[in-house]
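Note sheet for the following structure.
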Amino acid sequence: MNQPTVLIVSDEAEFSRAITTRWQLQASVPVFTLMTGDLCQQPDGETFDLAILGAVAPELFSCVRAALEVSGKPLLVVSASADPASVSSRSQAVVLRKHADWLETLVLVASETLLRSEAVACAENLERVNASLECQALLGRYMLEMRHNLNNALTTVLGNSELLLLEESKLSAGVRFQIETIRSMGLRMHEVLQQGEPSIGGRARRFSRR
């Protein structure tokens, strides 16, 4: 999360203005998106990191709150009601009553919520990276084991092809060509499998005919 985005939903322009003005005094200031209740029916959770819901038309409040909760992002509800629980008994939102110091409390809680969200996102990213590294390590161990097994098989193939090629008088031209092809392809596979190992040259040259 480089610079978080805060969505402020309210029909009161002064509400949004007060929050954005107060937040300018903080060390870290997010990007703000301002929206009225009638425009916030299906908010895209990918476009903001935190939502703040203020006063909207009573007939739209439940719908807007539900839409913001469905987005999966943290939601702060500023309520003028003396009973914040009346907003929703099952709501996941943090409800702040609009008392004398509500603005200071809101900015403090919102800032801490953004920091927590950033920490969670960072932890989740590290988990994904760790899972990817574990998969790569497992694949690497598998490839090393398979390379060892293939090297053993190729040693046998190359060794036997060398022995057959020593009996030139017993081989027809066609058979000799086929054996040389097997030996050549075997050497190529051997070189590919040995890439990155210091002793490749010596081991590969062992199968080279003089």
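With a ≥ b ≥ c the root eigenvalues of the C-alpha gyration tensor of segment 134-205, is it rounded (a/c under 1.5), prolate (a/b larger than b/c) or oblate?
Cα axes put segment 134-205 in the prolate bin.
Taking only complete DSSP H runs, can you tell me which helices of the chain stretch 20 Å or more along their own long axis by Cα positions and average at least 0.0 on the Kyte-Doolittle scale?
102-166, 173-193
Suppose R0 equals 41 Å. What FRET efficiency, 1/(1 + (r/R0)^6) with r the Cβ-Cβ distance, do residue 102 and residue 125 give to the nearest 0.05?
It comes out at approximately 0.75.
So, with +1 on the Cβ of K and R and -1 on the Cβ of D and E, and no other charges, what is the size of the charge dipole of segment 5-98 about its Cα centre, to the nearest 20 debye?
Here segment 5-98 has a charge dipole of around 320 debye.
Would you list 101, 38, 49 from fewest to most Cβ contacts within 10 Å?
Going from least to most buried by this count: 101, 38, 49.
Neighbouring Cβ atoms within 10 Å as the yardstick, rank 172, 184 fewest first.
172, 184
Calculate, axis by axis, the spread of Cα positions in the chain along the three principal axes, and write the results as whole Å, longest axis first.
Here the spans come out as 105, 34, 26 Å, largest first.
Can you give the extra length, in nm with one decimal, that the chain gains between residue 38 and residue 66 once fully stretched, where that is 0.36 nm per residue apart less the Cα-Cα distance?
Taking 0.36 nm per residue and subtracting the Cα distance, the gain is 8.7 nm.
Any idea what diffusion coefficient segment 5-98 gets from Stokes-Einstein, in µm²/s, Kirkwood Rh on alpha carbon pairs, 10 °C, 1.306 mPa s?
Translational D for this selection: 119 µm²/s.
Could you tell me the relative contact order of the chain? Use alpha-carbon pairs under 8 Å, at least six residues apart, and round to a whole percent.
14 percent
Putting +1 on Lys and Arg Cβ atoms and -1 on Asp and Glu Cβ atoms, find which of 20, 36, 125 reaches farthest to the positive end of the dipole of the chain.
The listed residue farthest towards the positive side: 125.
Can you compute the FRET efficiency between residue 26 and residue 117 using 1/(1 + (r/R0)^6), with r the Cβ-Cβ distance and R0 = 25 Å? Round to the nearest 0.05.
That pair, residue 26 with residue 117, gives E of 0.95.
If neighbour count is taken as other Cβ atoms inside 10 Å, put 76, 144 in order from fewest to most.
144, 76
Specify which residue in the list 158, 51, 76 is farthest towards the positive end of the charge dipole of the chain, using unit charges on the beta carbon of Lys, Arg (+1) and Asp, Glu (-1), about the Cα centre.
Among 158, 51, 76, the one farthest towards the positive end of the dipole of the chain is 158.
Would you please give the residues with an amide H less than 5 Å from that of residue 79, counting only those at least 5 places away or on a separate chain, with H modeled from the backbone geometry?
96, 97, 98
Placing unit charges on C-beta atoms (Lys and Arg positive, Asp and Glu negative, everything else neutral), compute the dipole magnitude of the chain about its Cα centre in debye, rounded to 20.
1580 debye
With unit charges on the beta carbons (Lys and Arg positive, Asp and Glu negative) and the dipole taken about the Cα centre of the chain, which residue among 5, 193, 94 sits farthest to the positive side?
My answer, from the dipole projection, is 193.
Each reported figure results from applying straightforward, stated rules to the coordinates on display, with no laboratory input. Just so it is clear, the structure is predicted and the values come from calculations on it, not from any experiment. Backbone-built Cβ (ideal geometry, glycine too); neighbour counts: all protein chains shown.
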